[in-house]
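These notes are about the structure you will find just below.
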Amino acid sequence: MNRKILLTFAISLILIHQIYMHLRILPLIDETYSHLFFSGKGFWTSLTNYTTTNNHIFYNILTSFFDIFIVQEVLAMRFVSLICFWILLGYIFWYLQKNTNFEIAFWAILLVGLGFSQSVFSVQGRGYMLMSLCSFGAVHQAISLKKDSFFEQKKSQTFFIFWHIAGLFTSPVFVYTTIGIYGYFFFKASKKTILSIFISGILVILGTFLVYLPTFLYNGFGNFLAAHQDNLQPTSYIKFMTYILPICVRELIIYLIGFPTYFSFFIFALLLFLLFYFYQKIHTVGKAWLQYIGVSLGIMLVFIIFTKTFPLYRIWTYYGIFWAIICAFLLVSILPKTNTVGKVLIALGIFAGSFVQFEYAIGEFYDKNTVQYCEKLRDKFQQMAQKDKKTYLSKDAFYGIFWLRQAGKAHLIV
């Protein structure tokens with residue numbers, strides 16, 4: 001009974017937090033553009049039109065389906081992210097309760113569900129939460145497979161390949177996750193399993209090529225590459241190693257922790273110290289996740305240095321989920337045994353702290369000038385809608401089009 005009460009309590013806290021974020025976060029340019037020009041135009045446009053990396057194809061295909069049934073546009077474009085978030089929480093809870101215990105599973109979903117970096121994209125009409133779900137699914141399969149029995153279980157093999165294809169079909173930047181996982185595989189594999197791992201990689205490549213084939217045929221492979229050109233600008237190794245990489249690492253730590261710069265570094269250093277100090281007390285499954293994080297980050301760092309590319313911080317959202325899970329293992333190792341009341345009080349403290357973190361982090365997450373500009377545009381077009389005032393808008397003025405449609409006044413657009 002106590003477990004049911006605690007689980008219901010945790011879900012309630014996360015749900016309140018979700019509703020608050022959904023109402024608090026203004027639909028900005030990226031997600032409105034994605035909805036108006038891709039998912040809002042249906043399955044075929046989402047599948048074939050890749051003029052910009054804003055088209056997270058698999059996400060927009062799924063959204064185009066729900067867009068038929070959900071009238072409220074903001075909810076329609078965010079619905080898939082919300083569903084993926086709750087599927088992810090259920091997946092984490094099921095996996096950890098099955099392989100560890102209820103206490104670790106309880107703290108894991110609470111920390112994942114209330115942390116800024118790992119939950120902010122659950123209320124964004126973008127593909128990052130879907131990719132985070134795919135990341136967790138693929139890593140779960142990677143960690144769960146034993147050293148001498150890679151892919152002997154057809155079910156595990158099928159899910160492993162599916163998660164990779166789904167993630168890559170959402171956005172090509174999922175390749176960073178794929179490289180980290182396969183690097184971990186080769187680190188963990190024995191001579192008997194190298195061939196199986198290689199074959200799975202071929203299947204992932206072939207599957208990804210097939211799902212992208214309509215995009216290549218209709219949109220052109222050259223246009224597909226051109227959409228990513230801005231992310232592949234040449235730079236020298238000296239500039240990358242001494243300027244770009246240190247800044248990116250700094251911003252990534254701040255994003256994942258979600259507090260002011262020096263406080264984020266302090267918390268990060270404290271977590272590393274506590275993990276080192278309490279390592280022996282951490283559950284075996286937690287140690288396996290720590291091993292994965294260490295190996296995969298090392299492999300990806302080599303790839304990043306070799307290619308001189310560093311993915312945008314939001315691509316690393318799934319590491320926020322992994323760190324939240326590690327913190328759950330750490331919390332159980334540190335805390336003395338507490339009763340239900342004690343757990344509720346600690347959970348309430350985390351819940352209250354999540355709002356403090358959110359209010360700080362959201363101000364850093366979005367450029368303040370951009371937010372203010374978008375708020376002015378929203379207010380302007382909402383006033384037009386109230387006055388039934390016709391307005392001349394070009395196709396490029398998509399943000400205005402979005403707000404007039406949101407107000408049910410699309411007929412005012414001339």
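Considering each of Leu206, Leu225 in turn, give the residue that is exposed (fewer than 15 other Cβ atoms within 10 Å of the Cβ) and modelled with pLDDT of 85 or more. Steps first, please.
Working: Leu225 fails: modelled with pLDDT of 85 or more.
Of the residues listed, the single one that is exposed (fewer than 15 other Cβ atoms within 10 Å of the Cβ) and modelled with pLDDT of 85 or more is Leu206.
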inquiry  = Of the residues Ile325, Ile282, Ile299, only one is without any contact (Cβ under 8 Å) to a residue 60 or more places away in the chain and buried (at least 17 other Cβ atoms within 10 Å of the Cβ); which?
reply    = Ile282
query = What are the pairs, 6+ residues apart or on separate chains, where a residue within the range 353-377 that is over 19 Å from Ser119 (Cα atoms) has its Cβ under 8 Å from a residue that is hydroxyl-bearing (Ser, Thr, Tyr) and surrounded by 16 or more Cβ atoms within 10 Å (Cβ to Cβ)?
reply = Cys374/Tyr399; Leu377/Tyr399
note = Restricted to the range 388-414 and to residues being modelled with pLDDT under 70 and assigned to a helix (DSSP H, G or I), the residue surrounded by the fewest Cβ atoms within 10 Å (Cβ to Cβ) is His411
ask   = Is it the case that Trp44 is touching a Pro at 6+ places or on another chain (Cβ under 9 Å), of a type in the set (A, V, I, L, M, F, W, C) and either farther than 30 Å from Leu217 by Cβ or surrounded by fewer than 21 Cβ atoms within 10 Å (Cβ to Cβ) (or both)?
value = yes
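Can you tell me which residue in the range 228-244 is modelled with the highest pLDDT, limited to those that are under 24 Å from the mean Cα position of the chain (by Cα) and either not aliphatic (A, V, I, L, M) or not in a helix (DSSP H, G or I) (or both)?
Filtering the range 228-244 for residues under 24 Å from the mean Cα position of the chain (by Cα) gives 228-232, 244.
This time we only want the ones that are either not aliphatic (A, V, I, L, M) or not in a helix (DSSP H, G or I) (or both), so: 228-231.
Values: His228: 69, Gln229: 66, Asp230: 61, Asn231: 60.
Checking each candidate, the answer is His228.
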ask   = Within the range 23-61, restricting attention to residues that are not polar (S, T, N, Q) and not in a helix (DSSP H, G or I), which residue is nearest to Phe169 (Cα to Cα)?
value = His56
note = Taking the range 1-49 and keeping only residues that are free of Cβ contacts under 8 Å to residues at least 24 places away in the same chain and closer than 18 Å to Val371 by Cβ, one is left with Leu23
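Taking Thr370, is it modelled with pLDDT under 80, loosely packed, with under 14 Cβ neighbours inside 10 Å and in contact with a helix residue (DSSP H, G or I) (Cβ under 8 Å, 6 or more places away or on another chain)?
yes
The values are calculated or read from the model by the stated rules, or taken from the named source; none is laboratory data. Owing to the predicted nature of the structure, the values given are computational and were not obtained by experimental measurement. When we count neighbours, we look across all protein chains shown, and the Cβ atoms used for this are built from the backbone with ideal geometry, even at glycine.
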